[in-house]
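Enquirer: Below is one structure. I have some questions about it.
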Amino acid sequence: MSRVLHQKGVKVLVGGRVSSPPIQSAIKHQLTTFNINLESFRPWQWIKNLKILKRVIYQNQINLINAHRPEDHFYSGLLKRQFPIIPLIRSVSDVRPPKDNLINKVLHLKHTDHFIFSCEANRDRYLQVWPLPMEKTSVIYSGIDTQHFNSNNKSTNITKYNIPSDSIIFGIVARLSPVKDHISFLKAAARLSSNISKAFFIISGEEVEIKTEQLQQLSRQLGIYDKTLFLDKFNDVRDVIELLDVGVVCSSGSEAVSRITAEFLSMSKPVIVTRVNVLPEMITDGYDGFIVPPFSPEGLSMKMHELAVNSQLLFKMKENARKTAEIRFSYERFYQDTLSIYKNVITNMIKNSGPSIR
């Protein structure tokens with residue numbers, strides 16, 4: 001988000017540990033950063049962090065604070081007494097509900113001016129804990145660079161892997177962890193392969209909690225080893241997405257944000273997703289993909305079969321997938337939605353402030 005705002009001419013400062021991946025990424029993209037360790041809750045570190053934040057606010061004439069993690073939110077809330085006219089916005093992209101305690105209650109209900117959630121499922125989880133006024137909440141889906149994620153030439157790329165040219169290729173691109181449910185994908189693939197000889201399958205991702213060898217062994221047991229390509233994580237994910245006809249995201253949990261779903265769509269790949277967190281909110285069932293229950297190889301294979309036997313439906317869904325990405329998940333949409341909330345929150349803060357603050 002910071003990079004998009006910066007590209008549009010909005011002054012942005014990004015704070016965090018200088019060695020952390022987010023700050024390193026910010027530096028790489030030439031964003032203004034400042035070093036602060038918000039992950040420590042030691043009393044002496046509190047004082048140091050508050051001094052740093054105050055200095056940054058004064059020196060840069062900050063108009064708004066957008067906290068993205070609980071630690072950021074906590075420190076920003078502590079500053080509200082000294083800077084009452086600087087709005088505090090909390091962006092939430094975590095599947096965990098907030099902790100129900102007194103400090104959090106005060107922070108959420110009294111010191112936070114607006115909440116931006118990554119999906120409706122996140123907002124619903126929060127509302128079950130804190131009765132936030134709906135007008136103080138918004139949902140903004142994460143954006144991607146739809147120009148960067150654009151389709152190239154599938155036929156040229158699949159020859160590198162000796163995949164038959166007439167194949168219809170289904171793929172899952174995710175770290176090898178149980179929550180991504182590669183097992184259901186392989187079981188669905190086996191069901192489909194027994195009826196559709198041209199079906200081919202790709203699994204790409206780095207080993208985290210599951211070894212590639214374990215999934216390879218399962219594919220042998222299911223009789224689809226020769227029709228399944230196992231690839232490591234790609235430095236450029238477009239290289240593996242381009243090989244596919246259809247993307248699959250069959251997670252059983254997580255997915256408060258799903259970049260890969262947006263990337264699939266942007267590269268004109270219909271997506272079959274499970275009904276988990278943000279996933280069903282990103283897909284219009286039957287238009288740019290399908291929605292199935294989690295842990296359902298049967299349901300997944302049925303939808304894979306629909307696309308495998310109906311070339312017209314597959315072609316139309318590919319067109320629709322790209323349209324969805326451009327309309328709903330582009331950087332431009334992300335920027336416009338975010339800036340609109342920022343402006344509204346600042347305007348309301350000024351409107352509701354007393355004469356002395358104005």
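Each value in this text was obtained by applying a stated rule to the coordinates, not by laboratory testing. On a predicted model such as this, the values are computed, not experimentally measured, just so you know. We place every Cβ from the backbone using ideal geometry, glycine too, and count neighbours over all the protein chains shown.
Enquirer: Enumerate the lysines that residue 323 could reach by cross-link, defined here as Cα to Cα under 25 Å, with residues fewer than 8 away along the same chain left out.
Expert: List returned: 8, 154, 269, 303.
Enquirer: Just grab the label-to-label distance for residue 8 and residue 135, each label 7 Å out from Cα along the Cβ direction, in nm (one decimal).
Expert: Simple spin-label model gives 2.4 nm for this pair.
Enquirer: Give me the number: length gained by fully extending residue 81 to residue 24, i.e. 0.36 nm times residue separation minus the C-alpha to C-alpha distance, one decimal in nm.
Expert: So the chain would gain 17.4 nm between residue 81 and residue 24.
Enquirer: For the chain, list log₁₀ I(q)/I(0) at each q in 0.07, 0.10, 0.11 Å⁻¹, using the Debye formula over Cα point scatterers of equal strength and ignoring solvent, two decimals each.
Expert: -0.36, -0.70, -0.82
Enquirer: Moving to a separate point now. Could you work out Rg/(2.2 N^0.38 Å) for segment 225-358, with Rg from alpha carbons only?
Expert: Cα-based Rg divided by the globular estimate yields 1.37.
Enquirer: So what's the angle, to the nearest 10 degrees on a 0 to 90 scale, between helix 311-328 and the longest Cα principal axis of the chain?
Expert: 10 degrees
Enquirer: Applying a 10 Å radius around every beta-carbon, put 307-316, 189-198 in order of their mean neighbour count, most first.
Expert: Highest mean packing first, the order is 189-198, 307-316.
Enquirer: Still on this structure, please answer the following. Per-residue ellipticity at 222 nm for the chain, helices alone: DSSP H runs ≥ 4 residues times -39500 (n - 2.57), over residue total, nearest 500 deg cm²/dmol?
Expert: Per the formula, -12500 deg cm²/dmol.
Enquirer: Here's another thing I want to ask about it. Give me the log10 of I(q) over I(0) for segment 154-328 at q = 0.09, 0.13, 0.14 Å⁻¹, as the Debye formula computes it from C-alpha points; what are the numbers?
Expert: Values returned for q = 0.09, 0.13, 0.14 Å⁻¹ are -0.25, -0.55, -0.65.
Enquirer: Under a point-charge model restricted to the Cβ atoms of Lys and Arg (+1) and Asp and Glu (-1), what is the dipole moment magnitude of the chain relative to its Cα centre, in debye to the nearest 20?
Expert: Dipole magnitude for the chain comes out near 1520 debye.
Enquirer: Multiplying the sequence separation of residue 337 and residue 48 by 0.36 nm and subtracting their Cα-Cα distance, what value in nm do you get?
Expert: That works out to 100.6 nm of additional length.
Enquirer: While we're on this one: What is the packing order of peptides 28-35, 318-325, taking the mean over residues of other C-beta atoms within 10 Å and listing the highest first?
Expert: 318-325, 28-35
Enquirer: Measuring from centroid to centroid over Cα atoms, what is the spacing of segment 1-78 and segment 304-358 in Å?
Expert: One Cα centre to the other: 25 Å.
Enquirer: Moving on to the next point. Largest first and in whole Å, give the semi-axes of segment 24-63's equivalent ellipsoid, each being the square root of 5 times a Cα gyration tensor eigenvalue.
Expert: Result for segment 24-63: semi-axes of 21, 15, 6 Å.
Enquirer: Also, I was wondering about something else. Could you check the spin-label model distance between residue 99 and residue 212? Points 7 Å from the Cα along Cα→Cβ, value in nm.
Expert: Result for the modelled spin labels: 4.0 nm.
Enquirer: Related question: Collect residues whose amide H, placed 1.01 Å from N in the peptide plane, falls under 5 Å from the amide H of residue 229; neighbours closer than 5 in sequence don't count.
Expert: Amide H to amide H, under 5 Å and 5 or more residues apart or across chains, residue 229 pairs with 201, 202, 203.
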